[in-house]
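**Q** Can you keep this structure in mind? I'll have questions shortly.
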Amino acid sequence: MHIRKTPPPRRDFVTPEDSIIAACRAMNASGLNQGTSGNISLRQGDGMLITPTSLAYDRMEPADLVTVGPDGRASGERRPSSEWRFHHDILRHRPDVNAVVHAHPVHATALALHGRGIPAVHYMVAIAGGADIRCAPYARFGTQGLSDVALAALEGRTACLLAHHGIIALGRTLEQALWLAEEIEVLARMYLTSLQLGEPPRLSDDEIEGVRTAMRGYAQV
Ligand code: 13P
């Protein structure tokens, strides 16, 4: 068990560690995630700060977070999330992104169990950057293979589903990535519900482009 030996220092500002822990707790409180599933990272210099592996979010303290350098080397009291590879690769390949949220939300994951993404059935699909939210093919958790398929599914997008697994949402800020993750889950829930009446019609690529233009400056959480 991790026992804190000294009282936490008094702080009057929100640190990156605080904001990651708050986001982890928020994603479980909202039902976006459950248990110790999921993980969150924030760009830190040329590396990142990431949640530790398999630690309950309500027990997590700032000292539990792990720093991973540009070479992938971790430093901290704990081991980094088993998914540190895709966090590391996404932050390395996507200069537009500073925060990565991974979660196992029920409705989006239900689609991903079928290997299905979210097509342009609702105009809000455009918030992830294009006319669909792709589902990456299955690869085992914690592997370079999963990182590779996730990165490909995220090409030109800020979110994707992971087959038989969950979702990834990206943001310039952690607040934005978490907001996007919640929106993806709502879209998945709408799509799943609509499938009871059959496959819904899709918006055209032109319409999604128009929505993207109209939205510019809208999704700036
Ligand atoms: P970690 O506890 O190692 O972050 O793993 C949780 C998870 O969701 C793996 O995909």
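The values are calculated or read from the model by the stated rules, or taken from the named source; none is laboratory data. Bear in mind that the values here come from a model prediction, so they are computed numbers and not experimental data. FYI the Cβ positions are ideal-geometry reconstructions off the backbone, even for glycines, and counts take in every protein chain you see. These area figures cover heavy atoms from the full protein model, side chains too; ligands, DNA and RNA do not enter into them. Shrake-Rupley method; radii C 1.70, N 1.55, O 1.52, S 1.80 Å.
**Q** How tilted is helix 84-93 with respect to the longest principal axis of the chain? Cα atoms for both, answer in degrees (0 to 90, nearest 10).
**A** Tilt of helix 84-93: around 70 degrees.
**Q** For the chain, find the longest principal axis of its Cα atoms and tell me its angle to the long axis of helix 16-29, 0 to 90°, nearest 10.
**A** So the inclination is approximately 50 degrees.
**Q** Whole number in Å², please: accessible area per residue of the chain, 1.4 Å probe, ligands, DNA and RNA not counted.
**A** Values: 11050 Å² over 221 residues.
About 50 Å² of surface per residue is accessible.
**Q** Loop-only check: which trypsin sites (Lys or Arg not before Pro) in region 104-201 are DSSP coil with at most 13 other Cβ within 10 angstrom?
**A** Working: sites: R116, R134, R140, R157, R172, R189; in loops: R116, R134, R140, R157, R172.
Those satisfying the criteria are R140.
**Q** I would also like to ask the following. When the helix-only estimate is applied to the chain (DSSP H runs of n ≥ 4, each -39,500 (n - 2.57), divided by the residue count), what is the mean residue ellipticity at 222 nm, nearest 500 deg cm²/dmol? Could you put the intermediate results ahead of the total?
**A** Details: 6 runs with 74 residues, N = 221.
One gets -10500 deg cm²/dmol as the mean residue ellipticity at 222 nm.
**Q** Still on this structure, please answer the following. With a 1.4 Å probe and all protein chains left in place, how much of the accessible area of the chain comes from carbon and sulfur atoms, in whole percent?
**A** Numbers: 5900 of 11050 Å².
With neighbouring chains kept in place, the figure for the chain is 53 percent.
**Q** Now for a separate question. So which GluC sites (Glu not before Pro) in region 6-85 are both in a DSSP loop and have at most 13 other Cβ atoms within 10 Å of their Cβ?
**A** Values: sites: E17, E77, E83; in loops: E77, E83.
When the GluC sites (Glu not before Pro) of region 6-85 are filtered for loop state and at most 13 Cβ neighbours within 10 Å, E77 remain.
**Q** What angle do you read, to the nearest 10 degrees and between 0 and 90, between the alpha-carbon axis of helix 144-153 and the longest principal axis of the chain?
**A** With both axes taken from Cα atoms, the answer is about 40 degrees.
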